[in-house]
Amino acid sequence: MANGKSKKSKKKLFIFGGIALLVVVLIVVVIAGSNKEEILTVNTEKVEKRTITQVVSATGKINPVEQVVLQPEVTGEIVDLPVEEGDVVKKGDLLIRIKPDQYIARKNQAKASLEASQAQLKIREATLNQVQAEYERVKGLYAKGLASESQQEVAESNYLQSKGAYDAQKAGVAQALESYNDAEVQLAKTVLSAPIDGTISALGVEMSERVLGSSFSQGTNLMTVADLSRMEATVEVDENDVIIITVGDTARVEIDAFGDRKFKGIVSQIGNSAITSGFGTQNEVVNFEVKILLLETDPQIRPGMSCDADIETETKKDVYSVPIQSVTARTDEPENTIVGDDEDQPKKPRKKIKPKEVVFVNVENLAKKIEVKTGISDDTYIEIETGLTGDEEVIIGPYKAISKELKEDSKLMVQDKNKAKKENSDDE
């Protein structure tokens, strides 16, 4: 019985001893691992001088430089429509004729009223001449003492009345003339001619259709005449990019329907009014309209086609540059709170520290942080105005290391460029 208890005690002793030894081993491993310095595997590239062209990208639509939307100023039925969509027209060609019957009647009525007013004016003029002559005669007699004062007053009163009636009739003739001219203008508006040389790019009405016209509000959209020989891209540019665009900047325009073909253009107009979408929400976007005149065109280009434009805002030659991803932002101090000399004082907010643009370079397999000032950039490289002299080996990846892991004097292992390219291609 005693031997059994002794065996159990020894067994427990071995078990607890083994557990204690395992704990000690784990502690040693953890301590050894924590003391082991981390070595970061990175990719590098030499600083070089390059030509960099800064580009602003935008999307939009293709439109004619010159187009006119025709709307009627008179109401009526279309009685003549000699064109179809796609027809080429010359300035002055007949496009639409609206039934003119009621406007002809108004013109004839206005002409009759004018002629009646003119006839009445002649009668008033004859009466005025007669009364004026009588007035002059009485004045002469009164001056010689051969007519009384009352006779002169009566003659003067008759003259003034006749003169007033004549002036009123003269005004009536002028009014009748304006009514006649207006009737002529309204009749002329029943005929719409081509305002420019161009193509009927849109036709919104048909023969015998009744259209609504107004001189003060928008009437029926009849058709659009556009000069398709001169086209432009109308694109929307973000508010942060529009300030670096100037009239005359070169642009490359890709029209979706033409595949990879690029059309050269220049910026011809920059909008001053913002185009806001999602106003008052978190998705609010503010853009500005920019027009790009196409210097080369194609007969197959149609208004309304979608396009992408790359606007070249600035080009610099032989400037130091590095890959865009190699530039990161770091702060020297954390943005938190500080405590005054007295521990009982309340914590005060620390002044916000603006992050600095930096790059990390490889110096004998150690990372060195260098503050830089950047300039323009293209899709791949960014200009370094100050901070680098051109003989540095800049760390260009991986992104996680550049943005978070790299510190001053971090140990590095530079990956072979060919191996890095292979891994990147495999990832893609």
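Grab the strands (runs of 3 or more DSSP E) fully contained in segment 261-334, keeping just those with 1 or more residues being surrounded by 15 or more Cβ atoms within 10 Å (Cβ to Cβ) and at pLDDT 95 or above.
Counting at least 1 such residues, we get 262-277, 285-294, 306-323.
Cβ-Cβ below 7 Å, separation at least six or inter-chain, first residue in segment 400-428 and farther than 23 Å from Val358 by Cβ and not assigned by TED's automatic domain parsing to the domain that holds Val359, second at pLDDT below 55 and assigned to a helix (DSSP H, G or I): which pairs?
Close Cβ pairs (under 7 Å, with a partner that is at pLDDT below 55 and assigned to a helix (DSSP H, G or I)) do not exist here.
Could you run through segment 175-211 and say how many residues are assigned to a loop (DSSP other than H, G, I, E, B) and within 15 Å of Ile78 (Cβ to Cβ)?
8
List every residue pair whose Cβ atoms sit under 6 Å apart, with the two residues 6 or more apart in sequence or on different chains, where the first one lies in segment 367-391 and is at positive phi and the second, anywhere, is among the hydroxyl-bearing types (Ser, Thr, Tyr).
Every condition considered, the pairs that remain are Gly390/Tyr320.
Any idea how many residues of segment 73-115 are assigned to a loop (DSSP other than H, G, I, E, B) and more than 30 Å from Val173 (Cα to Cα)?
Of the residues in that region, 11 qualify.
Quick one: is Ser214 part of a loop (DSSP other than H, G, I, E, B), surrounded by fewer than 17 Cβ atoms within 10 Å (Cβ to Cβ) and more than 39 Å from the chain's Cα centre (by Cα)?
no
Scan segment 148-155 and give yes if some residue there is touching a residue at least 60 places away in the same chain (Cβ under 8 Å) and either over 30 Å from Val79 (Cα atoms) or small (Gly, Ala, Ser) (or both), otherwise no. Spell out the reasoning first.
Keep residues of segment 148-155 that are touching a residue at least 60 places away in the same chain (Cβ under 8 Å), which gives none.
Among the residues of segment 148-155, not one is touching a residue at least 60 places away in the same chain (Cβ under 8 Å) and either over 30 Å from Val79 (Cα atoms) or small (Gly, Ala, Ser) (or both), which makes the answer no.
So if I check each of Gly172, Gly164, which one is under 30 Å from Gln118 (Cα atoms), in the same structural domain as Ala112 (by TED's automatic domain parsing) and surrounded by 17 or more Cβ atoms within 10 Å (Cβ to Cβ)? Walk me through how you get there before you give the answer.
Values: Gly164 fails: surrounded by 17 or more Cβ atoms within 10 Å (Cβ to Cβ).
Just a single option satisfies the conditions, and that option is Gly172.
So, Glu45, is that one in contact with a helix residue (DSSP H, G or I) (Cβ under 8 Å, 6 or more places away or on another chain), within 27 Å of Tyr399 (Cβ to Cβ) and modelled with pLDDT under 95 or not?
On the way: in contact with a helix residue (DSSP H, G or I) (Cβ under 8 Å, 6 or more places away or on another chain): yes; within 27 Å of Tyr399 (Cβ to Cβ): yes; modelled with pLDDT under 95: yes.
Here the answer is yes, as Glu45 does meet what is asked.
Among the residues of segment 117-143, write down those that are small (Gly, Ala, Ser) and in contact (Cβ under 8 Å) with a residue 12 or more places away in the chain.
Going through segment 117-143, the residues small (Gly, Ala, Ser) turn out to be 117, 119, 126, 133, 140, 143.
Ser117, the sole residue that qualifies.
The values are calculated or read from the model by the stated rules, or taken from the named source; none is laboratory data. Since we're looking at a predicted model, the values are computed, not measured. Glycine gets a Cβ as well: all are built from the backbone with ideal geometry, and neighbour counts include every protein chain shown.
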